[in-house]
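Working notes, structure below.
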Amino acid sequence: TWLATMDQTAALTVLIAAAQVIAGMLAILITVVAIVVQLAATRYTHRVTSLFVRDPANLAVMTLFVLTTALCLWLALVLTGKVGGAPVVPHGGFLLAMGLVTTCVVALVPYFAYVFRFVSPLSVIHRIRAAALHEVQKAVTGDAYAAERVVIRSVEELEDVARGAMNSYDRGIAMAAIAALATLLADVEKLRDRLPEAWFEVDDVIAHDPDFVAMS
């Protein structure tokens with residue numbers, strides 16, 4: 001009944017305001033998240049940024065805000081027209097837009113909590129280790145050379161986290177990074193018999209990599 005009594009002007013005003021609010025929230029969200037991620041990347045490892053960008057939850061939230069804003073703008077455009085001299089009020093589209101706007105607003109608090117938990121050093125260590133182990137598992141049936149390089153970079157990043165934590169006197173984080181390296185090695189050892197011969201070959205790219213040569 002409420003949707004049926006809403007006129008074109010009122011619906012247009014609400015949709016324009018909603019689009020402005022969601023666009024402003026998206027700008028604030030991106031600014032805050034970018035600062036938090038950059039601080040974490042500077043202190044621990046630059047891998048935080050790439051992990052954050054590829055995370056499905058982050059992509060889903062950003063996509064939700066963008067699509068909601070686009071929907072409000074398109075509905076506002078539709079509301080400016082008439083069919084047979086009568087104003088157009090897409091009730092279903094208006095209800096969908098308001099539902100998405102409400103979802104965006106409600107999702108802000110849990111999303112910020114998710115972001116802060118995501119950039120925590122222990123979470124970053126866990127994600128880097130999990131990504132490295134995934135590449136080792138892919139090497140069993142896939143491109144061992146490409147997987148080898150990704151794993152080496154992951155090990156170097158875990159070492160960077162440990163060194164940075166030691167410089168900051170964060171013993172817990174340093175020990176967590178060392179534990180991640182140890183458990184990663186143990187898991188790789190379990191897959192050792194299944195890995196192809198290419199995994200154990202040291203090619204020129206790796207042999208001349210100073211980081212690999214100096215890796216303890």
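The values are calculated or read from the model by the stated rules, or taken from the named source; none is laboratory data. As the structure is a computational prediction, the values presented were derived from the model and not from experiment. Reconstructed Cβ throughout: ideal geometry from the backbone, glycine too, with neighbour counts over all protein chains shown. Keep in mind that these areas ignore ligands, DNA and RNA; they rest on the heavy atoms of the full protein, side chains included. Shrake-Rupley method; radii C 1.70, N 1.55, O 1.52, S 1.80 Å.
Remarks
- In order along the stretch 101-111, phi translates into HN-Hα couplings of 4, 4, 4, 4, 5, 5, 6, 4, 5, x, 5 Hz, rounded to whole numbers, per the Karplus curve 6.51 cos²θ - 1.76 cosθ + 1.60 with θ = phi - 60° and x for Gly and Pro.
- Selection from THR183, VAL78, LEU29 lying farthest towards where the dipole of the chain points positive, charges on Cβ: VAL78
- Most mobile listed residue (SER120, SER154, SER168) in the chain, GNM with C-alpha springs under 10 Å: SER168
- Virtual spin-label span in nm between VAL32 and THR80, 7 Å along Cα→Cβ: 3.3
- 1.4 Å probe accessible area per residue over the chain, in Å²: 57
- Tilt relative to the chain, helix 56-79 - C-alpha long axis, 0 to 90 degrees, to 10: 20
- Rel. contact order, % - alpha carbon contacts under 8 angstrom, at least six apart, the chain: 20
- Residue-level accessible surface for MET175, protein heavy atoms, 1.4 Å, Å²: 120
- Compared with the direct C-alpha span, the chain from LEU73 to LEU185 gains 35.1 nm at full extension, assuming 0.36 nm per residue.
- Assigned charges on the beta-carbon of Lys, Arg, Asp, Glu; the chain dipole about Cα centre (debye): 940
- Along the axis of the charge dipole computed for the stretch 89-192 (Cβ charges of +1 for Lys and Arg, -1 for Asp and Glu, origin at the Cα centre), the listed residues LEU122, VAL136, GLY99 are led at the positive end by GLY99.
- Here the extension length gained between THR103 and GLU201 equals 30.1 nm, from 0.36 nm per residue of separation less the Cα-Cα distance.
- Hz values of 3J(HN,Hα) by residue in the stretch 33-38 - Karplus curve (6.51, -1.76, 1.60), Gly and Pro given as x: 5, 4, 5, 5, 5, 5
- The slack between VAL21 and LEU59, meaning 0.36 nm per residue of separation minus the straight C-alpha distance, is 11.7 nm.
- [x] 77, 41, 29; [y] 67, 47, 27; [z] 60, 57, 33, with the label sought being that of the calculated Cα extents along the principal axes in Å: [x]
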